[in-house]
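Structure first, then comments.
The values are calculated or read from the model by the stated rules, or taken from the named source; none is laboratory data. Just so we're clear, the structure is a prediction, and the values are computed from it rather than from any experiment. Heads up, the Cβs are rebuilt from the backbone with ideal geometry, glycines too, and the neighbour counts pull from every protein chain shown.
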Amino acid sequence: MSPPPSRRILAIWLARLALDRWRLGAGDAADALPLALIAETAHGPRIAQANAAALEAGARVHMMLADARALCPEIATAPSDPAGDLAFLEKLAVWAQRWGPWSALDPPDGVIVDVTGAAHLFGGEAALLADARALLAARGLAARLAVAPTAGAAWALAHHGPQNAILHFLPSSLRGGKAGEAIQSPTRGPGLLRCARNDEGEGWGVLDDLPIAALRLDGATVVLLRRLGLKRIGDIAGLGRDALARRFRTARAPSANPLVRLDQLLGRVPEPLLPVLAARPPLVQRRLAEPIRHRALLDRVVADLTEAMVRELEGQALGARRLELGLWKVDGEVLVRRLEMAAASRDGAHILRLFGRKLDDIDAGFGIELARLRAPWCEPLGLRQSDFEAAAEAHGTSLAACIDRLSVRLGADAVRRPVPRASHLPERAQKWQPPLAPEGAGQGELAFHARPLKLLDRAEPIAVLYASPDGQPRRFRWRGRVHEVARAEGPERIAPEWWRERSSVRLRDYYRIEDEEGRRYWIYRAGIAGDGRGGAPEWFLQGLCA
Amino acid sequence: MNAIRMTPENPIPALARVAEWRPGLASGVARHAEIFASGAQATGAAMALALAQDQAGEGDERPWLWVQDKAALRLTGRPYRPGLPSALRHRLIHVAAQSPEDALFALEEALRCRDLAFVIGEISGNPKALSLTASRRLSLVAERHGVPLWLVRLGASRDLSSARMRWQARPAPSAPPRWNPRAPGAPAWHAELFRARGHPPGEWVLGEDGDRLVHGPSTSSGRAGVVIIPKTAQAELVEAHAHG
């Protein structure tokens, strides 16, 4: 049995994110002089990030600004903006999904992208890395990248490994020569690393030489390990598992436990940060040679995407229930349009028609350079002849297509059907659900009492002008018009649902009435005199009878 | 009547059939009918339902659509499932449109759907969107796809329209029930057909008893009588007043 294909994780580390963001705002020229971004702390301003000139002059990150001024009096300062950095990183994480369908934040300055199965869209992982480097550089961001089978390894290589590293774990049976030797492949570029998977825990080649900090440990643990004389990952590998487990048995958090981090690095334990994607949703995309800015071209691209998606769905015998159209703009924004359908469908013309309305408010800005269509929610749909558009002219549309069109324009909440609900209260006796959803099992309706054809959303108060001695209204005013009650039937007493309402809710006495002109209404009196739940009873009109 | 000569273009038998038309007859079925009613009662919707049910006959298990614009929803409320006819209540799909434009769009899309038995629309007043053009579009789509449309106009004036039949509906006092004469009885409506293509206008009192469409007698009628409609066995009509 072959082992399951390993996952491929791209780690992006923006080493000088805060500085790069500041430079985007201030311009390159401002960067020539020593500059430090300042964070205010309890003990005074501290340097959060310093540019190359400042570093050369002696300033260091985490140094007090006063100390830096002593070394370099001409250092300029600007406030750092951690919240802005995080917001930027969030946008960047979404943008980074251009390289893979899933990405995660790695605060404060990293992004992790799952590129499993997506590298072929770029012509291999090396090309993907080159593409990412070029695009990030074009946005003025200094980035270090690595691709590895686990998030831990990718993170370690991005932060502490060689630039543009691509790491593969080899099964231990394939490993030749010295245990855990890093294999530099001359044919596939200098960045390609291979690392033998070693279940005995002896050594892991290139990973051995990385510092302990590459294990994503917190500061205290790193200091502790350094004091123990363990400076590289290889040092830990030399220790037995038992010794490490005993030493760190109280450390629950992964960031404080080097053994957990080591296992995550090697993929021995799953890392809950990354969900396992068992089935990849159908995904098609178009990278555009020239950014498009006009609606006609966009329609063309979406039509192409839809066609490709329909083929993809057809191959897997699936129909899409939800579709996501992502449009990557040149200026780094991502526009997403979602579409949900009442029934699984892979009819291109139908999907295209539904998307047509969603594209009306797209602002292309400087242009759209990448368009992608995903179907995150699919349902099995057998192959059959389907006709939504061409035959619709002759034979009409199907119900599902009609409901899709209605709910795309009017909203999903506008198209619903009533279903009974087990309740005595008239307004609660029906609820609304999507039109094609199956009706739940119910008790059936007891036809003891006549019910009105229509119910007002809120019962409207009526003013009873004259009531007969037994309490029935004889004349009332509703919406500014006086009605003489000619005939009435009632009362039908409906008690409040004490198990879900407050004790002060009053019971209702319903009357079905007909006035002198034949208008038929359903009115009720809330409460009875002397029930101790309020003053005089009030009258309401709730329903209009046929 | 004497002025009509018996010519091949104008044969008297056809005319005679037309003159005797009354609600519930299979012939002269209109695909697009308008019912004008007040916004303070459910008369328009109730009559539209009764006519639609009578025309569709029994055994049709396709869903039907009820489109309301926002003003109609506010004026007369939402459909209430326990109060709907038992043959229709489980098949209702309700569309709450925000504006008359959306309601017209929903009506047109619904009329194109072959899986719907009929469509009921409720639009309040005389919105600008419901022009003669819009009305004509609805007529054409309804006739092309054979889905009947009953458009209820709440509190509207009789504007231009291409509806094949136009009714004015108002409530009529119901007949007292047998066991409790002081209670409201089965619903009845005074229906005036003021414009129709193919038959002369007329006035009737339509009624509903349970799920049956019946007609109560009217005082102004010269020849009241009970007519059993052969098309739908469950419907019995009492023709109250035939114009002319």
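Before moving on, here are some points about what is shown:
- Contact map, region A:404-421: residues that are within 9 Å of another protein chain (Cβ to nearest Cβ) paired with residues that are surrounded by fewer than 19 Cβ atoms within 10 Å (Cβ to Cβ) and of a type in the set (Phe, Trp, Tyr), Cβ distance under 9 Å, separation 6+ or inter-chain. Pairs shown: A:413/A:432; A:416/A:432; A:417/A:432; A:418/A:432; A:419/A:432.
- Positions within region B:81-94 being within 19 Å of the chain's Cα centre (by Cα) and either surrounded by 23 or more Cβ atoms within 10 Å (Cβ to Cβ) or not in a strand (DSSP E or B) (or both), in sequence order: B:83, B:84, B:85, B:86, B:87, B:88, B:89, B:91, B:93
- One residue stands out among those in region B:122-155 that are under 27 Å from residue B:41 (Cβ atoms) and within 13 Å of chain A (Cβ to nearest Cβ): the one that is farthest from the chain's Cα centre (by Cα), which is B:155.
- Picking from residues in region A:402-428 that are outside any helix (DSSP H, G or I) and among the β-branched types (Val, Ile, Thr), the one that is nearest to the chain's Cα centre (by Cα) is A:415.
- Among the residues of region B:99-115, those identified as facing chain A (nearest Cβ under 7 Å) and of a type outside the set (Gly, Ala, Ser) are B:102, B:105, B:109, B:112, B:113, B:114, B:115.
- Positions within region A:448-485 being out of contact with any Gly (no Cβ under 7 Å at 6 or more places or on another chain), facing chain B (nearest Cβ under 9 Å) and not in a loop (DSSP other than H, G, I, E, B), in sequence order: A:478, A:481
- All positions within region A:517-537 that are more than 8 Å from every other protein chain (Cβ to nearest Cβ), closer than 24 Å to residue A:486 by Cβ and surrounded by fewer than 23 Cβ atoms within 10 Å (Cβ to Cβ): A:526, A:537
- Taken together, the residues in region A:452-491 that are of a type outside the set (Gly, Ala, Ser), surrounded by fewer than 16 Cβ atoms within 10 Å (Cβ to Cβ) and touching a residue at least 24 places away in the same chain (Cβ under 8 Å) amount to 3.
- If you check A:298, A:325 for being assigned to a strand (DSSP E or B), under 25 Å from the mean Cα position of the chain (by Cα), at negative phi and of a type in the set (A, V, I, L, M), only one passes: A:325.
- Restricting region A:463-517 to residues that are of a type in the set (Gly, Ala, Ser) and modelled with pLDDT of 90 or more, the residue that is nearest to residue B:185 (Cα to Cα): A:488
- Residue A:543 being within 30 Å of residue A:402 (Cβ to Cβ), within 12 Å of chain B (Cβ to nearest Cβ) and not in a loop (DSSP other than H, G, I, E, B): yes
- Applying the set (1) more than 7 Å from chain A (Cβ to nearest Cβ); (2) in contact with a helix residue (DSSP H, G or I) (Cβ under 8 Å, 6 or more places away or on another chain) to residue B:86 leaves exactly one unmet item: (2).
- The residue that is farthest from residue B:82 (Cα to Cα), counting only those in region A:425-443 that are hydrophobic (A, V, I, L, M, F, W, C) and within 11 Å of another protein chain (Cβ to nearest Cβ), is A:436.
- Taking (1) part of a loop (DSSP other than H, G, I, E, B); (2) within 9 Å of chain B (Cβ to nearest Cβ); (3) at pLDDT below 90 in turn, residue A:392 satisfies each apart from (1).
- Applying the condition of being surrounded by fewer than 21 Cβ atoms within 10 Å (Cβ to Cβ) and of a type outside the set (A, V, I, L, M) to region B:40-61 and asking which residue is nearest to the other protein chains (Cβ to nearest Cβ) yields B:61.
- Residue list for region B:62-80, restricted to those being facing another protein chain (nearest Cβ under 8 Å) and surrounded by fewer than 23 Cβ atoms within 10 Å (Cβ to Cβ): B:63, B:73, B:74, B:78
- Among the residues of region A:106-120, just one is in contact with a Leu (Cβ under 6 Å, 6 or more places away or on another chain) and either without any contact (Cβ under 8 Å) to a residue 24 or more places away in the chain or in a helix (DSSP H, G or I) (or both), namely A:119.
- Residue ranges of strands (runs of 3 or more DSSP E) in region A:121-220 with at least 1 members at pLDDT 90 or above: A:143-148
- A count restricted to region A:221-247 and to residues that are within 38 Å of the chain's Cα centre (by Cα) and not in a helix (DSSP H, G or I) stands at 1.
- Test: residue in region A:497-505 that is free of Cβ contacts under 8 Å to residues at least 40 places away in the same chain, away from chain B (no Cβ under 13 Å) and touching a Pro at 6+ places or on another chain (Cβ under 8 Å): yes
- Any hit, region A:278-288, residues being loosely packed, with under 14 Cβ neighbours inside 10 Å, farther than 30 Å from residue A:155 by Cβ and at pLDDT 90 or above: no
- Positions within region B:158-189 being of a type in the set (Phe, Trp, Tyr), more than 9 Å from chain A (Cβ to nearest Cβ) and touching a residue at least 24 places away in the same chain (Cβ under 8 Å), in sequence order: B:167
- The one condition in (1) part of a helix (DSSP H, G or I); (2) over 27 Å from the mean Cα position of the chain (by Cα); (3) surrounded by 14 or more Cβ atoms within 10 Å (Cβ to Cβ); (4) free of Cβ contacts under 8 Å to residues at least 40 places away in the same chain that residue A:58 fails to fulfil: (1)
- Among the residues making up region A:431-447, those that are of a type outside the set (A, V, I, L, M) and either farther than 24 Å from residue A:493 by Cβ or outside any strand (DSSP E or B) (or both) are A:432, A:433, A:434, A:435, A:438, A:439, A:440, A:442, A:443, A:444, A:445.
- Consider region A:373-389 and keep the residues that are part of a loop (DSSP other than H, G, I, E, B) and of a type in the set (D, E, K, R). The one that is modelled with the highest pLDDT is A:384.
- Residue check, residue A:25 in a loop (DSSP other than H, G, I, E, B) and surrounded by fewer than 17 Cβ atoms within 10 Å (Cβ to Cβ): no
- If you check B:158, B:166 for being closer than 24 Å to residue B:30 by Cα and either among the aromatic types (Phe, Trp, Tyr) or not in a loop (DSSP other than H, G, I, E, B) (or both), only one passes: B:166.
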